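A short worksheet on the structure shown next.
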Amino acid sequence: MRLTISNQTHDGLLCRFGSKKGGEHYLLVPSLSDSIPFSPKSTSLWFLGSSVAIKLTMAPGRKWERVTLQGDSPWIIYRNRLSRKHHVLVVLPYRDTSRFLASIPDSAPLSCLMLPGTHETMALYGWPISQCQYKSLDTQLHAGIRVTDIRLSIIDGRLIAYHGIFPEFTPFADILVTLHDFLTSPTTASETVVVSIKQEDWDTELFPQLVHDEIVASPGGLQMWFLENRIPNLGEVRGKAVMFSRFGSDGCANGIHPPIWPDSAKEGFDWECDGTLVRTHDW
């Protein structure tokens, strides 16, 4: 049997099968994968590095799962069993996902960053037709989500989260409070969130006005938003939400605003944002 270990940390890791004190050692080079033999009788694997030893029981599951580590560890470990004779481990450095942008220079343009996002961020209801997420917006933000896909419809004069024709119930006002709390917290004020807003109904005159009015009335108001139609540097938008509007017309103060948006363009499409070429995939 073989075990492939992908060491995605910056440290050389020493591992050993069997007991903590006995057995053959293997040195795992940083940022590389190595495949080593192991016996089915070896039910544990010891990692020794950064003064930490971890006992890892080899589970028989056929899916990726995160390994529960005891105490403080500088790593996150995932495991999988690709086949009866081939196990895989991936060792990653631990990072605080709630504030991972804190270590990135202010001078970095957002276009140079890979920002995790969720499709239909507020589609929490309506399984199996309209539900796309099962974690709250606050949980998503603390998990590292930095691009949100907010879709709204006008219901009784207010903006409510919708997925197509299906209500998702969360008022836009509540979404704004969650964004404000996250972006103004002392522990996460280093972050920014790109907020894509898409209209799910047809009142194109009232919708932009309601978006504006509800933002003005929310905690932080317009001052918490980046509303220019250009790609900012990270330092400009720490502690702010970046408007990415899929509503309204060109020339409005709706933040980053693609002039075109072909429906379900599987091959993607190009557009310019103040001299920056942007390629978008909507599929």
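Here, each number is a calculation from the coordinates, and none is a lab measurement. For clarity, every value in this text was computed on a predicted model and none was experimentally measured. Methodologically, a virtual Cβ is constructed for each residue, glycine included, from the backbone with ideal geometry; neighbour enumeration extends over all protein chains shown.
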key: In degrees, nearest ten, helix 206-217 long axis to first principal axis of the chain (Cα)   = 70 degrees
ask   = Length gain on complete extension for the stretch Thr68 to Val29, per 0.36 nm per residue less the alpha carbon to alpha carbon distance?
value = 11.7 nm
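Using only the Cα atoms of segment 55-163, build the gyration tensor, take square roots of its eigenvalues as a ≥ b ≥ c, and label the shape rounded, prolate or oblate: rounded if a/c is under 1.5, else prolate if a/b is larger than b/c, else oblate.
It is oblate, given that a/c is not under 1.5 and a/b is not larger than b/c.
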remark   = If one builds a Gaussian network model of the chain from Cα atoms under 10 Å apart, the most fluctuating residue listed among Ile260, Ile145, Ile231 is Ile260
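Order of Met224, Met122, Met1 from fewest to most other C-beta atoms within 10 Å?
Exposure proxy ranking, most exposed first: Met1, Met224, Met122.
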inquiry  = Suppose R0 equals 22 Å. What FRET efficiency, 1/(1 + (r/R0)^6) with r the Cβ-Cβ distance, do Ala189 and Ser107 give to the nearest 0.05?
reply    = 0.75
In Hz, Karplus ³J(HN,Hα) per residue of segment 236-246 (6.51, -1.76, 1.60; θ = phi - 60°; x = Gly, Pro) = 6, 10, 4, x, 10, 9, 9, 6, 10, 9, 10
query = What does the helix-only formula give at 222 nm for the chain: each DSSP H stretch with n ≥ 4 adding -39500 (n - 2.57), the total divided by the residues, and the result rounded to the nearest 500 deg cm²/dmol?
reply = -3500 deg cm²/dmol
query = How big is the shadow of the Cα convex hull of segment 97-280, averaged over all directions, in nm²?
reply = 10.2 nm²
query = In sequence order, what are the phi-derived ³J(HN,Hα) couplings for segment 108-124 according to the Karplus relation 6.51 cos²θ - 1.76 cosθ + 1.60 with θ = phi - 60°, rounded to whole Hz, with x for glycine and proline?
reply = 6, x, 4, 5, 9, 9, 9, 9, x, x, 10, 7, 6, 4, 9, 7, 9
remark   = With a ≥ b ≥ c from the Cα gyration tensor eigenvalues, square-rooted, and the rule rounded for a/c under 1.5, otherwise prolate when a/b > b/c and oblate otherwise, segment 180-283 is oblate
